[in-house]
1. Name the residues in segment 42-81 that are over 11 Å from the mean Cα position of the chain (by Cα) and surrounded by 16 or more Cβ atoms within 10 Å (Cβ to Cβ), would you?
2. Which of the residues belonging to segment 23-41 are without any contact (Cβ under 8 Å) to a residue 24 or more places away in the chain, surrounded by 14 or more Cβ atoms within 10 Å (Cβ to Cβ) and among the aliphatic types (A, V, I, L, M)?
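Bear in mind these aren't lab numbers, they're just calculated from the coordinates by the rules spelled out. For clarity, every value in this text was computed on a predicted model and none was experimentally measured. So basically every Cβ, Gly included, is an ideal-geometry build from the backbone, and we count neighbours across all protein chains shown.
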Amino acid sequence: MGALNPRRRKRTAREVAERAGVSERTVRAIVAEPRAEYLARAKARRARVTALRDQGLTYKQIIATTGETEAAVRRLLYEARQHGEWDGPQRAPASTAARVLKEAF
């Protein structure tokens, strides 16, 4: 059973349960966000951060754009790698980078 009115709450389940005279478990069952919706929202957050990173934005620029914390950006990128949604930043192979440095000096 999903939430009848899914949105972020300002009170804890314990506070609501005490006020309503029911158990915390009952409150959580009534107001919980459906798992599929949570997973879709999490995937969308990861997709947004990985798209910005692929555009070459730095962590600080991603933070400014999304409003996420640095820890959240790092975690979202990590989770995107773990879920196979992102391969990481596209970088030149080490041998290419070494050759470019040798030619520059």
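1. If the condition is that a residue be over 11 Å from the mean Cα position of the chain (by Cα) and surrounded by 16 or more Cβ atoms within 10 Å (Cβ to Cβ), then Leu52, Arg53, Leu57, Ile62, Ile63 are the ones that fit.
2. Val27
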